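In what follows, a single structure is set out as structure tokens and then discussed.
The values are calculated or read from the model by the stated rules, or taken from the named source; none is laboratory data. Computed from a predicted structure; not experimentally measured. Virtual Cβ from ideal backbone geometry, glycine too; neighbours counted across all protein chains shown. For accessibility, only protein heavy atoms count, side chains too; no ligands or nucleic acids. Shrake-Rupley method; radii C 1.70, N 1.55, O 1.52, S 1.80 Å.
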Amino acid sequence: MDEHQHHQDLMQSLSQEYSDILSNSEQGVYIYLDDAHKICNANFASLLGYSSEKEWTMIDSPFPDAFVAEESQEALISSFQDAMEKNVGSTQSVVWKKKDGSTIESTVILVPIAHQGHTFALHFVSGKV
């Protein structure tokens, strides 16, 4: 099995394992492995102006460029790296890019999770009104 298929299988399994959180959280939630392998709930997709989780998932551009406003990219990337390398959780203020080009401010709680020997970043996102 090639690495891409292995990552696809991991994301499918992770989606099933975390389905209660993804389905029932009042917050936007996404789980990120890499630009091509990510999942989110309807709340997160909607927050960024996408019609469905699948539409958001299909965006294959570099994650920060596609979804994160320039002023927030460094902080979110640093938090992600800390989660992956040091197993450290964090809370960040993040400005997101919406599908229509506008932005939305949020608070992001990012925590590392382990699944089948791999580390992922689980994100809880609350938009600011």
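With +1 assigned to the C-beta of every Lys and Arg and -1 to the C-beta of every Asp and Glu, and no other charges, what is the dipole magnitude of region 8-129 about the Cα centre in debye, to the nearest 20?
Result for region 8-129 is approximately 220 debye, rounded to the nearest 20.
Rounded to whole Hz and in sequence order, give me ³J(HN,Hα) for region 52-66 from the Karplus expression 6.51 cos²θ - 1.76 cosθ + 1.60, θ = phi - 60°, writing x for Gly and Pro.
7, 4, 4, 4, 5, 4, 6, 5, 10, 6, x, 3, x, 5, 6
What figure, in Å² to the nearest 10, do you get for the accessible area of D100 with a 1.4 Å probe and non-protein molecules left out?
D100 exposes around 120 Å² with every protein chain in place.
Counting only pairs 8 or more places apart or on different chains, how many lysine pairs in the chain have C-alpha atoms closer than 20 Å?
Final tally of qualifying lysine pairs is 10.
From the backbone phi of region 26-39, what are the Karplus-calculated ³J(HN,Hα) couplings (6.51 cos²θ - 1.76 cosθ + 1.60, θ = phi - 60°) in whole Hz, Gly and Pro given as x?
6, 8, x, 9, 9, 10, 10, 10, 7, 4, 8, 10, 8, 9
Around H118, under 13 Å between beta carbons, what's the net of Lys plus Arg minus Asp minus Glu among the other residues?
In short, -4.
Match the structure shown to one of the listed values (i) 1.09; (ii) 0.93; (iii) 0.97 of Rg/Rh (Cα atoms, Kirkwood Rh), computed from it, and give that label.
Given (i) 1.09; (ii) 0.93; (iii) 0.97, the calculated one carries the label (ii).
Rounded to the nearest percent, how much of the accessible area of region 46-129 (1.4 Å probe, protein heavy atoms only) is carbon and sulfur?
49
Give the separation of the Cα centroids, region 67-129 to region 30-48, in Å.
11
Could you work out the local net charge near V94, counting Lys and Arg as +1, Asp and Glu as -1, over the other residues with Cβ closer than 12 Å to its Cβ?
-2
If you average the sequence gap of Cα pairs under 8 Å that are 6 or more apart and divide by the length of the chain, what percent do you get for the contact order?
Over the chain, the number comes to 22 percent.
With everything on Cα atoms, drop me the angle between helix 70-86 and the longest principal axis of the chain, reported from 0 to 90° to the nearest 10.
So the helix axis and the longest Cα principal axis differ by about 30 degrees.
For Cα pairs less than 8 Å apart in space and 6+ apart in sequence, what is the mean separation divided by the residue count of region 51-124, i.e. the relative contact order in percent?
24
So how tilted is helix 3-17 from the main axis of the chain? Cα-based, degrees 0 to 90, rounded to 10.
In the chain, helix 3-17 runs at an angle near 70 degrees to the longest axis.
Could you report region 1-82's accessible area per residue, 1.4 Å probe, as an integer in Å²?
Dividing the accessible area of region 1-82 by its residue count gives 54 Å².
Per-residue ellipticity at 222 nm for the chain, helices alone: DSSP H runs ≥ 4 residues times -39500 (n - 2.57), over residue total, nearest 500 deg cm²/dmol?
Estimated from H runs of four or more residues: -12000 deg cm²/dmol.
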